[in-house]
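Novice: Below you'll find the structure I mean.
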Amino acid sequence: MKNKLTISILIAMFLGIVAGYIVHETASPESIGTFAKSIKLLGTIFIRLVKTIIAPLVFTTLVVGIAKLGDLKTVGRVGGKAMLWFISASLVSLLVGMVLVNFFKPGSYIDLSQADNAGLKDLMGKTTEFSLQKFIEHVVPSSAFDALATNEILQIVVFSIFFGVAAANLGEYSKPVIKALDVVAHIILKIVGYVMNFAPFGVFGTLAAVVAEKGLGIFNFYFIYFGYFVMGITILWIILSTAGFLILGKRMKSLFQHIANPLLVAFSTTSSEAVFPKLTEELERFGCKNKIVSFILPLGYSFNLDGSMMYMTFASLAIAQAYGINMPIGEQLTMLLVLMLTSKGIAGVPRASLIIVLATCAMFKIPPEGVALILPIDHFCDMFRTGTNVLGNALATSVVSKWEGELNEPAATAA
């Protein structure tokens, strides 16, 4: 079943690109706009279906995971190991982006005439200037129900940690609630199977819309910028995979086999949320204990976004280069630390990285309208950074499971 879905998604990607290209080459601008708007609904439907189950799944799995860990000492130990990996991977990702931009200077190749000002206008409405108050408001929920309703992953994680720790401390008294939440989590995971059947249609609609509007000729203007970015992603994959191999050994191959389908869906839909439920299933099949997956994976979606991290330094500094702005290394390192803070909790939303880049550029006196320069190519960059986010979180969960001695042999999967 899993192989059939993977093949279906690959076919959908190819057909989406072909359909979009045909429309782009043969239809009038008005017809292209109508086609893109209509066909994109397939992707919108798929993402919205997934979003309906993200909040309850994160809450139930994280609470159950913490409760199963048993006590505050264990929660602290596992959480500490997770944060060690998250912070190390994030810093490496940010540094890869910074080093790459300083060495190859991809911003100098950006064509200033290709700015997507219409797309920038949409992003401007979603961003606010960074401040400590805004950061705290983003992290700490004012209402658990509001956080659940709006899919604020980081706020849900904060509330779930408090709920799970309190439930664990109550011992036997809270077991009926934990058991009920565990049942709810399994019901939601069952729904995942139904939703994933719609993935090929969502992939087709998303890619057809983008190619119809932009065409394949976009790479003529951004080939060097995109090429250097993919080079950076490749370097990051090598670093992460090497670290994973040093800890997991020969089981790295098995891990890649288990996460291949979630990687493909994330890559083609540009949404980490789209694969959170499926990734949970596959990591448990790989051998990670449910209590570890339930605790680490939701945390990773807020604190471990390796692809997005790498791209944010890459894009911010490339925009500065495009405008001829020289940034000393000290200022770049300050930007790196700011991005570490402002990027938490952005997983799942397509182009969320650009919103952070927009705010960061404003802070460092880089023309924020420069984001319009990279918007035309951003969908294709988003595919790679989203896939990298999924890889990073799969590795983090597997590595912590190994460190905790909670990594079993893989469960048998259907062909």
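The values are calculated or read from the model by the stated rules, or taken from the named source; none is laboratory data. Everything numeric in this text was worked out from a predicted model, so none of it was measured. Counting neighbours? That spans all protein chains shown, and the Cβs are built from the backbone with ideal geometry, glycine included.
Novice: Can you list residue pairs whose Cβ atoms sit under 9 Å apart, with the first residue in the stretch 45-67 being closer than 15 Å to residue 193 by Cα and the second being of a type in the set (Lys, Arg)? Count only pairs 6 or more apart in sequence or on different chains.
Specialist: Cβ pairs passing all conditions: none.
Novice: For residues that are outside any helix (DSSP H, G or I) and either in contact with a Cys (Cβ under 9 Å, 6 or more places away or on another chain) or within 28 Å of residue 402 (Cα to Cα) (or both), tally how many sit in the stretch 23-81.
Specialist: 2
Novice: Okay, moving on. Among (1) touching a Gly at 6+ places or on another chain (Cβ under 7 Å); (2) at pLDDT below 90, where does residue 223 come up short?
Specialist: For residue 223, the exception is condition (1).
Novice: Within the stretch 130-148, which residues are modelled with pLDDT of 80 or more and either in contact with a Lys or Arg (Cβ under 8 Å, 6 or more places away or on another chain) or part of a helix (DSSP H, G or I) (or both)?
Specialist: 144, 145, 146, 147, 148
Novice: Taking the criterion of being modelled with pLDDT of 85 or more, outside any helix (DSSP H, G or I) and out of contact with any Leu (no Cβ under 8 Å at 6 or more places or on another chain), would at least one residue in the stretch 149-170 satisfy it?
Specialist: No, the conditions are met nowhere in the stretch 149-170.
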